[in-house]
Amino acid sequence: MSVDSGSRRVIVVVRPTVSGLDESAARRLLDAVQAGTDVDVRVAYLDVASPSLHEELDRARTDDVGKVVLIPVAVPRDRYLLTWTSKAVANWRETRIDAELEVTLHESESLEGAVAGQVIDELGSAGKPITASPASYRSPAWSVIEPHERHLLVCKGPRCMAYGAGPLHRAMSAAAKGTSAKVTGTGCLSPCNLGPLVIANPGGTWFGHVDAGDADALVSGLEDQLVDHVLDR
């Protein structure tokens with residue numbers, strides 16, 4: 001593979017909050033950045049969402065990019081994001097030993113200051129009246145457990161995402177449509193080096209090293225097809 005050492009791509013790396021990831025906001029951020037520069041800029045998610053950092057680095061490699069600069073973005077500063085971005089790159093390098101791609105990380109020292117400056121500018125604002133209804137706190141829709149006979153938890157932490165949890169979760173969600181199975185993506189379930197991980201309830205059976213090809217068996221409870229993936233607890 002010939003690599004153009006002069007080509008350069010920037011990947012903005014983000015991760016979800018406790019309440020989840022607002023992907024539309026991430027897309028607006030990317031669109032605003034792309035509108036203001038001729039630099040090749042993409043976005044990747046450390047965990048939970050796709051494209052994962054591994055997927056974007058693979059894409060850069062396929063596109064014959066010579067250098068990638070990663071810019072983790074979080075306000076306030078997120079040490080987890082910085083640390084696991086570096087670890088994800090280390091894993092990517094280890095598992096793509098023939099990859100001729102230079103990857104560096106840029107930690108912005110001015111981002112918090114820029115946001116703080118914007119907040120200061122807004123301190124004199126009178127704001128807008130709050131007209132939201134409190135009905136969500138008593139809505140029946142949020143008071144009833146969705147009927148299901150099988151509940152599958154899919155780990156979407158940084159390591160499991162690197163190992164393919166994104167395609168696995170999508171395949172399982174598609175397989176569960178119209179069935180009595182419920183599929184829920186989660187944060188890190190801890191033993192992610194065994195990932196992608198799935199916990200199947202009832203029974204609490206743990207499955208490791210599963211992939212999208214196992215989606216139907218996981219959703220249907222065909223555990224005789226998954227014997228090699230069952231983890232001891």
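The values are calculated or read from the model by the stated rules, or taken from the named source; none is laboratory data. These numbers were taken from a predicted model, which means no experiment stands behind them. Counting neighbours? That spans all protein chains shown, and the Cβs are built from the backbone with ideal geometry, glycine included. Protein only, heavy atoms only, side chains kept; ligands, DNA and RNA dropped before computing areas. Shrake-Rupley method; radii C 1.70, N 1.55, O 1.52, S 1.80 Å.
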Quiz item: residue 112 to residue 141: FRET efficiency via 1/(1 + (r/R0)^6), r the Cβ-Cβ distance, R0 35 Å, to the nearest 0.05?
Solution: 0.40
Quiz item: Between residue 32 and residue 190, what length comes free when the chain is fully extended (0.36 nm per residue of separation minus the Cα-Cα distance, one decimal in nm)?
Solution: 53.3 nm
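Could you work out what % of the accessible surface of the chain is carbon and sulfur, using a 1.4 angstrom probe and leaving DNA, RNA and ligands out of the count? Let's see the in-between values first.
Values: 7250 of 13710 Å².
Reported share for carbon and sulfur atoms: 53 percent.
Please list 153, 123, 226 in order of solvent-accessible area, largest first, computed with a 1.4 Å probe with all protein chains present.
Working: 153 40, 123 125, 226 0 Å².
So the residues, ranked largest to smallest area, are 123, 153, 226.
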Quiz item: So for the stretch 1-121, what are the equivalent ellipsoid semi-axes in whole Å, largest first, each being the square root of 5 times an eigenvalue of the Cα gyration tensor?
Solution: 25, 16, 13
Quiz prompt | Ranking by accessible area, most exposed first, for 94, 56, 122, 107 with a 1.4 Å probe | solution = 94, 122, 107, 56
Quiz prompt | Binned Cα-Cα distance frequencies in the chain - 5 Å width, integer % | solution = 1, 6, 11, 14, 15, 14, 12, 11, 8, 5, 2, 1, 0
Self-check item: Reachable lysines, given that their alpha-carbon falls under 26 Å from the alpha-carbon of residue 182 and they are not under 8 places away in the same chain
Solution: 156
Quiz item: Where in the stretch 185-203 does the amide nitrogen come within less than 14 Å of the point 7 Å from the Cα of residue 174, taken along Cα to Cβ?
Solution: none
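Given the chain, what percent of its DSSP beta bridges are antiparallel, to the nearest 5? Don't skip to the answer; put the middle values down first.
Details: 9 of 32 bridges.
That works out to approximately 30 percent antiparallel.
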Self-check item: Integer Hz, Karplus 6.51/-1.76/1.60 couplings in order for the stretch 75-82, x for Gly and Pro
Solution: 10, x, 3, 10, 4, 4, 4, 5
Exercise. Compute the accessible area per residue over the stretch 96-233, keeping the other protein chains in place, probe 1.4 Å, unit Å².
Key: 64
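What value, in deg cm²/dmol to 500, does the helix sum -39500 (n - 2.57) over DSSP H runs of n ≥ 4 give at 222 nm once divided by the residues of the chain?
Details: 7 runs with 75 residues, N = 233.
Calculated mean residue ellipticity at 222 nm is -9500 deg cm²/dmol.
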